[in-house]
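Asks: Before I ask anything, here is the structure I am working with.
The values are calculated or read from the model by the stated rules, or taken from the named source; none is laboratory data. Here the structure is a predicted model, which means the values were calculated and not measured. Glycine also receives a Cβ, built like all others from the backbone with ideal geometry; neighbour counts cover every protein chain displayed. What goes into the accessible areas is simple: the full protein's heavy atoms, side chains included, and nothing from ligands, DNA or RNA. Shrake-Rupley method; radii C 1.70, N 1.55, O 1.52, S 1.80 Å.
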Amino acid sequence: MAHMAFTTPPALTVGFDLDMTLIDSRPGIRACYQALSERTGTYIDADLAVTRLGPPLAEELINWFPAEDIPAMADLYRAMYPAIAITATPAMTGAREAIAAVREAGGRAIVVTAKYEPNAKLHLAHLGIEPDAVIGDLWAEQKAEALREHDAGVYVGDHVGDVRGARTAGALPVAVATGPCPEEELRAAGADVVLTDLTEFPRWLSDYRPARA
């Protein structure tokens with residue numbers, strides 16, 4: 001009698017965006033823009049800037065500084081950021097539970113973000129959130145590089161750029177309506193699932209896993 005070979009299905013890897021998905025970075029980023037404005041003597045509407053988080057830093061700075069100054073301003077902002085923004089930034093409601101739900105399902109949780117990677121890691125360490133990997137400096141379709149490398153089957157984010165990154169990687173786009181993009185916009189961009197916030201994620205994941213098996 002031949003022995004039947006049973007193969008264990010690969011563990012699910014779930015990617016998460018950072019700003020406005022796992023962390024409410026508005027208070028810290030607002031304070032950092034205000035400090036940059038004071039340091040440079042250049043007007044920055046920090047309240048406006050934090051309504052459109054998601055894209056890379058340079059895409060916001062171009063609204064306030066000449067193009068040739070952007071690299072230097074980005075370096076200055078990132079250097080000031082740890083002392084100003086980390087302690088001011090709380091976790092989003094349900095963030096820790098969402099990471100825990102992936103682990104409890106036997107999966108891996110990674111963070112893929114457009115944020116400068118060292119600062120992304122500082123945020124997570126401060127909040128006691130410990131993903132299996134943190135990959136920074138990737139935006140929208142670029143996020144597919146890291147998602148493919150880690151074989152992510154699901155990517156959770158709050159921005160249409162996150163949805164595009166997931167789709168480019170062939171991962172299931174799961175959106176949370178906690179950032180600048182409303183549910184209709186996320187669905188129009190191709191999100192297969194839109195959750196109100198991460199508190200709904202563990203239940204969704206438990207329903208998704210049996211369907212996937």
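Asks: Note down the relative contact order for the chain as a percent, whole number, built from C-alpha pairs under 8 angstrom at least six residues apart.
Replies: Relative CO of the chain lands at 24 percent.
Asks: 7 Å from Cα along Cα→Cβ at both residue 197 and residue 34: what's the point-to-point distance in nm?
Replies: Reported label-point gap for residue 197 and residue 34 is 2.3 nm.
Asks: Roughly speaking, to the nearest percent, how much of the chain's 1.4 Å accessible area is carbon and sulfur? Walk me through the numbers on the way to the answer.
Replies: Numbers: 5280 of 10170 Å².
Result for the chain: 52 percent of the exposed heavy-atom area is carbon or sulfur.
Asks: What is the angle, in °, between the Cα long axis of helix 160-169 and the longest principal axis of the Cα atoms in the chain? Nearest 10 is fine, range 0 to 90.
Replies: On a 0 to 90 degree scale, this one is about 40.
Asks: For 168, 178, give me the order by solvent-accessible area with a 1.4 Å probe, most accessible first, ignoring ligands, DNA and RNA.
Replies: Descending accessible area places them as 168, 178.
Asks: Run the helix sum for the chain: -39,500 (n - 2.57) per DSSP H stretch of 4+ residues, divided by residue count, reported at 222 nm to the nearest 500 deg cm²/dmol.
Replies: Roughly -13000 deg cm²/dmol at 222 nm, from the helical runs in the chain.
Asks: Right, next: Project the alpha carbons of the stretch 52-165 onto their principal axes and report the range along each, largest first, in whole Å.
Replies: Largest first, the stretch 52-165 extends 48, 30, 21 Å along its Cα principal axes.
Asks: Right, here's the next one. Return one whole number: the accessible area per residue of the chain in Å², for a 1.4 Å probe.
Replies: That works out to 48 Å² for each residue.
Asks: While we're looking at this one, here's another question. With a bin width of 5 angstrom, please list the P(r) values of the stretch 127-180 as percents of all Cα-Cα pairs, from the 0 bin to the one holding the largest distance.
Replies: 5, 21, 30, 25, 15, 4, 0
Asks: Using only Cα atoms, tell me the angle between helix 201-212 and the longest principal axis of the chain; keep it within 0 to 90° and round to the nearest 10.
Replies: Approximately 40 degrees, to the nearest 10.
Asks: Also: Tilt of helix 95-104 relative to the longest C-alpha principal axis of the chain, in degrees (0 to 90, nearest 10)?
Replies: 20
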